[in-house]
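The values are calculated or read from the model by the stated rules, or taken from the named source; none is laboratory data. Quantities reported herein were computed from a predicted structural model and do not represent experimental measurements. Cβ: placed from backbone, ideal geometry, glycine included. Neighbour counts: every protein chain shown. To get the accessible areas, we keep the full protein, side chains included, count just its heavy atoms, and leave off ligands, DNA and RNA. Shrake-Rupley method; radii C 1.70, N 1.55, O 1.52, S 1.80 Å.
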Amino acid sequence: MNNNVSENERAIWILKNEGEKTLKELAQTLGVTTEGARFQLLKLSSDGYVKSESRVKGRGRPQQVWSLTKKGHSKFPDTHSELTLRLINKIKEHLGEDTLTELISSTGQDNQQHYRNAIPEEATLEEKVEKLAELRKKEGYMATYERNEDGDYLLIENHCPICAAATLCQGFCDTELNTFQSVLGPNVNVERVDHILAGARRCAYLIQEK
C-alpha cells in the first residue's frame, strides 16, 4: 500500500472513530498540512467515501465540515450481513416471529454469561465499563469509553458489525441494552443516547450509578 492510500485510509478511520471534522481539525489529527488534508478529502469525496456541508460553529463564517458517506461507513464491514439476513428471513418464514425472539433472547443470555465470566463482580464500575468496552471492541464494535466530569460513563460503539440484522430486527438492539444493564448491575442505570439505526454515526450508552 502506498503512502497516499495509507493516509486516505487513516482519514476514513479518523472520521469513523471521531466523527465529523473541519479541514483544519483533520489536518491536525493526521499531522499533515491543510493542503495535504484537502487533497485527501477531495480524492475521497470523488470516490464517494466522504461528504462536506457548510456549518456555522459559534461566531464567524460557516465552515466546511467533513463526514463519512454511507459508502464510507461500508468500508467497515457488517459481519456476514447477507447470510445473516437470509437466515433471519427464513426463521421468520418457517418458524415465526416468536421463535426468532426466543433465539435472540437466548443469544443475549449467552452473551451475558460470557461478559460475567470476564468481568469480576467485585470490580469498580469504571473497571466494569472498561472491560466491557474491551470485550465489545474485540467483537468488532470499535468500542471505547469516557468518564464525564460528573462521574458518569459513556460507552461508545463507533461501528455495528450486525447493523443489517439489527435493521431487520431491532430485538438485537433491545437485547444488547438489557445485557449491558444486567452485567453492570442493579445499582447502575444504562441509557442509549445515540443509536446508529436512528441516524446517529455511532451507538452510545450513558452509564450512571443510581
- Task: Taking every pair of alpha-carbon atoms in the stretch 141-182, give the share separated by more than 14 Å as a whole percent.
- Result: 60 percent
- Binned at 10 Å from 0, what are the whole-percent values of the Cα-Cα distance distribution for the chain, short to long? 8, 28, 30, 22, 11, 1
- Message: If every alpha-carbon in the stretch 118-170 counts as one equal scatterer, what log10 I(q)/I(0) does Debye give at q = 0.16, 0.20 1/Å?
- Response: -0.55, -0.75
- Message: Per DSSP helix of 4 or more residues, -39500 (n - 2.57); summed, then divided by the residues of the chain. What does that give at 222 nm, rounded to the nearest 500?
- Response: -16500 deg cm²/dmol
- Query: Where does helix 34-46 land angle-wise versus the long Cα axis of the chain, in degrees 0 to 90, nearest 10?
  - Reply: 60 degrees
- Query: Rounded to a whole number, what % of the accessible area of the chain do carbon and sulfur atoms account for, probe 1.4 Å?
  - Reply: 48 percent
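Name the trypsin sites (Lys or Arg not before Pro) in the stretch 41-70 that are in a loop by DSSP and that have at most 12 other C-beta atoms within 10 Å, would you? Could the numbers behind the result be given before it?
Numbers: sites: 43, 51, 55, 57, 59, 70; in loops: 57, 59.
Taking the stretch 41-70 and a limit of 12 other Cβ atoms within 10 Å, the loop trypsin sites (Lys or Arg not before Pro) found are 57, 59.
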- Message: Using only Cα atoms and rounding to the nearest 10 degrees, what angle (0 to 90) does helix 3-18 make with the longest principal axis of the chain?
- Response: 50 degrees
- Task: Quick one: angle between helix 171-184 and the longest Cα principal axis of the chain, in degrees between 0 and 90, rounded to 10, please.
- Result: 80 degrees
- Query: Based on Cα positions only, what radius of gyration and what Dmax would you give for the stretch 114-210, in angstroms?
  - Reply: 12.8, 37
- Could you tell me the accessible area of residue 75 in Å² (1.4 Å probe, neighbours in place), rounded to the nearest ten? 80 Å²
- Give the accessible area for residue 169 in Å² (nearest 10); use a 1.4 Å probe, count only protein heavy atoms, and leave out ligands, DNA and RNA. 20 Å²
